[in-house]
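First up is the structure itself, then whatever we jot down about it.
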Amino acid sequence: MQTTNATRRMRSPEILNKLIFRRIMPLLIAAYVMAFIDRTNIGMAKDRLEIDLGISATAYGVGAGLFFLTYALSEIPSNLIMHKVGARFWIMRIMITWGILSACMALVQGEWSFYILRMLLGIAEAGLFPGVIYFITQWFVVKDRARANGLFLLGVALANVIGAPLSGLLLTMDGVGGLHGWQWMFIIEGLPACFLAIAVWKILPNKPTEAKFLTQAEAEDLEARIAAEEIAGAQAAGNSKLLHVLKDKQILLVVAIYFSHQIAVYALSFFLPSIIGTYGELSTIQIGLLTSIPWVFSAAGALLIPKLATNGSRSRIVASATMTGIVAGFTLGALGGPVLGLIGFSLAAFNFFALQPILFTYPATRLSGATLAGGIAFVNTVGLFGGFLGPYIMGLMEEATGSKMSGLWFIVAICAVGALLTLKLKQGTEDPAKAAVSGH
């Protein structure tokens, strides 16, 4: 006699964990690959926008950064809506609107239309990253979240590995159909997000109890274990309301570190192609291929390092080491020529997504429920102002000095402060699972 879904024997947590990784992570990674390509492909178009539309380095830096201003301001409302309506619908909505607006970047005529479309793109995409990070907290216990976050952030690395050469190739379509190459780039890279959104709607379950690949007993047990950990962590930290987040020194510490981290990530994302362009007479395809090299290393960091952060003390050690690696990498990038410089940027990139998934494990050990959804969005919101400041300072200093490298020293100084702050990190409980069991 065939057993039903509800009565099948429960599988071990290890087997379930592997199954969940296999069923939900590839789709989330694919979504973030597209998101990151569509928010950073203007880095490949920077020089062409200056030639074709007269957009200066400072104006480019402002436009690149304005995405993060509206993105950040829309984060918390977006994440709270997702908590109400569910991840499946809300991620689909985000993807459709950002895909359309990213393709509309082909309509840019000058500085103001550039600014407006970048701001609209920020509003459209707001909530994707913190929404997925919150979604991951509903599927994985604390010890597995850094690894899950790291795999999701693998999408950033893959986006740059795939996106930079692809964008370089699309830029060679200049004149086809009467359009510039950068216009084809925005159209071809933007619209696929709308099609992937349909797959999200059809495949992604909102929570374990909606997943057909889990039995009812397995899903209920997983949700109960996660809820117990969240409650224990929130009680230990004394956080039950969103306003408490603003008073939590550890979460504010994470915000400050993340702010410095985002300055580094987006300064490199938006300006690396033009920096590499100073290394010699290179075609757009060659620039794209060289730009992808540091992001190969960032993928390796995302895969290898976050899984080491299985408790509070290890998380702190890894966070300190990776932030120090970012400082060392940008220093070498600023001092070195083409070879040493690219090695330095690769070192920095290796540490980018080794650090970021660890930082986002901290709110989940100190918050729960809607407060956790809002708290994760708060961390991302404030941190993303670094995504505005980094490109703006890089563009401003390039125009002031004539050197594309001058802004790198600002990045080094900010990240050095971030590295010192990592020494003070502490999770809500040293072992939330034990605290949940003991009832403390």
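Read-outs throughout are calculated quantities, based only on the coordinates presented, and are distinct from any laboratory measurement. Owing to the predicted nature of the structure, the values given are computational and were not obtained by experimental measurement. Every residue, glycine as well, gets a Cβ built from its backbone with ideal geometry; the counts of neighbours run over all protein chains shown.
One Cα centroid belongs to the range 371-390, the other to the range 26-92; the line between them spans 14 Å. Per-residue Cβ neighbour counts within 10 Å put 360, 114 in the sequence 114, 360, beginning with the fewest. With Cα atoms defining each centre, the range 326-352 and the range 195-231 are spaced 40 Å apart in the structure.
Cross-link partners for residue 404 among the lysines, with Cα-Cα distance under 24 Å and sequence neighbours closer than 8 places in the same chain left out: 46.
Within the chain, the whole DSSP H helices whose Cα atoms reach 18 Å or more along their own axis and whose mean Kyte-Doolittle score is at least 1.6 are 338-359, 408-421.
So what does the Cα-only Debye profile of the range 288-398 read at q = 0.10, 0.15, 0.17, 0.21 Å⁻¹, as log10 I(q)/I(0), no solvent term? For the requested q values the scattering log ratios are -0.36, -0.77, -0.94, -1.20. How would you classify the range 126-238 from its alpha-carbon gyration tensor, with a ≥ b ≥ c the square roots of the eigenvalues: rounded for a/c under 1.5, else prolate if a/b is greater than b/c, otherwise oblate? Prolate, since a/c reaches 1.5 and a/b exceeds b/c.
Gyration tensor over the Cα atoms of the chain: the corresponding equivalent ellipsoid has semi-axes (square roots of 5 times the eigenvalues, largest first) of 37, 25, 19 Å.
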